[in-house]
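First the structure, in the form of structure tokens, and then the observations on it.
The values are calculated or read from the model by the stated rules, or taken from the named source; none is laboratory data. What you are looking at is a predicted structure, and each value in this text was computed from that prediction instead of being measured. Here the Cβ positions follow ideal geometry from the backbone for every residue, glycine too, while neighbour counts run over all protein chains shown. In case anyone asks, the SASA skips ligands and DNA or RNA and just uses the protein heavy atoms, side chains included. Shrake-Rupley method; radii C 1.70, N 1.55, O 1.52, S 1.80 Å.
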Amino acid sequence: MDNHYNNEADRDEETSPPVSPLSQSFNSSTVSFIVYVVFELETSITESETIEFLRTHLLPVNTRFSSIMERNDKGVLRWKRVGVRLEDHLVVPKFPKGLSRESYDEKLREYFSKIGCENFSQEKPLWECHLVKYPSMKGACTMIFKFSHSLGDGYSFMRVFFKVCGRADNPSLPLTFPKLSLIKTPQQAHGNRVVGLGKKLFGLVGTCINTSYDIIETMLKTTFLEDRPSAIRYSDTSAKMELFRPFSVYSVTISLERVKQVRIKLGATVNDVIIGLLSYMIHLYMERKKKLTQRYVEEGGLLMDSTDNAAADMTICVMLNTRIFKGSKNLEDMIKAEAWGNHSSLVFAKLPTFPNDEQNSMIVYLLDSILGFAIRMKGQKGIDEMLYKSFKNATTLITNLIGPKEQMAFMNHPVGSCYYFVSGVPQSITFTSVTTNENLMVVVTMEKGFIDSKLFTSCMDEAFENIFRAAFGDYQDKDHNEIKNKSD
């Protein structure tokens, strides 16, 4: 091991905090959940500026950025403080000189796949910063922050950036966030009407039934209950899936105001609209894929004969931020809170999901108790397997993030685009979404060689176009912001 990571800084082994069971599972041989936060900057940033950010803003925010996982003499896995040489965490790739902006953009997408197939070394802290000093279609250079999910959740990481970023139009002013209530009040849930005792009792019974159903479904999904094979889920689900597989990335950016108008027309939430869009684009892809495969007599290992009703049985893993159930009433509270770590849980939802289907379940409040019970019954290896099967038994994953209303400036460099994606989970397709600068960006990662990325992206574009045309009769303000690798 390099000497820079041998010497513990300021803490001895006995006072090093233990690694939580969930953080252990996020950095295990069964799941290696990695988050990539991408900033495409409108002006070039230097390596020295990047090192300065890492030194003054990233490392001091939490000791996990300068710690590794190590077992002590008692066999307890703890966060051990080590010396950090920032140059070992900064990667500056070299691309060919003299290419067009479009070619460099393609090189960047290939680089996403390259670093997405590489796990972390366990001999140094579990993060990296990649500085791509070549132009893309949306910026003069690109910064990619690669974090193990074991260090914290999405809001833990984004809190670092939101606190250091200012507004592009006036960097001296702080960013502002949508005034959204994260918890429905009784008035919001029922309006101003008085709810009678009978309706309250009926609602309580319904909640208990739904909660019981969700508990049973969660236990089954984390053990043996699998979605059917489909055009986006392998037919051979018995084999252990390789966590790091080459992938393509594609995104669509649309006006958040348009999404809000659809939300109002449907009487739904923004999340309902996003899930509805995902359901529709998956449906389109499966129908097109089925028609294509019907042209061939020999379908190889990707038989489609068992997928006629697969869409009706699709389950999506939703990464839920549980800070909203621990006292944070709005986004400002979540950003300002000092609560670091993995305040997130997995819940399962069926696709398609309809806006008027109320969840009316207390499952989110019981997930910590279910996890604690599983730890006592199965131990850490059992939890690792449970998390692996949560991803593997479902069809896909969605996680979302709400960002500031204004355009950001990172270290005084205007941000042209900010988004994130994930890797290291046993799924062939994943979705992330982020709202920032009054826009919604939906990002999809697709496994190369299994997902037909060209076909799926065309279905993705068509889904957005059809839904907005149906809602408004036109689709003129859609922005085709692509970040895709061409199909092999």
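In region 101-152, the qualifying residues are those that are closer than 30 Å to Ser67 by Cβ and among the acidic types (Asp, Glu), and the one that is modelled with the highest pLDDT is Glu128. Where strands (runs of 3 or more DSSP E) fall entirely within region 384-423, none has at least 1 residues that are basic (Lys, Arg), touching a residue at least 60 places away in the same chain (Cβ under 8 Å) and open to solvent by 10 Å² or more (accessible area, probe 1.4 Å). Looking only at residues in region 115-128 that are open to solvent by less than 10 Å² (accessible area, probe 1.4 Å) and within 18 Å of the chain's Cα centre (by Cα), the one that is farthest from Glu42 (Cα to Cα) is Leu126. Within region 7-50, being acidic (Asp, Glu), part of a helix (DSSP H, G or I) and modelled with pLDDT under 95 holds for Glu13, Glu14. As a summary of the residue check, Arg78 satisfies the conditions (1) open to solvent by less than 50 Å² (accessible area, probe 1.4 Å); (2) among the basic types (Lys, Arg); (3) under 18 Å from Lys146 (Cα atoms) except for the one numbered (3).
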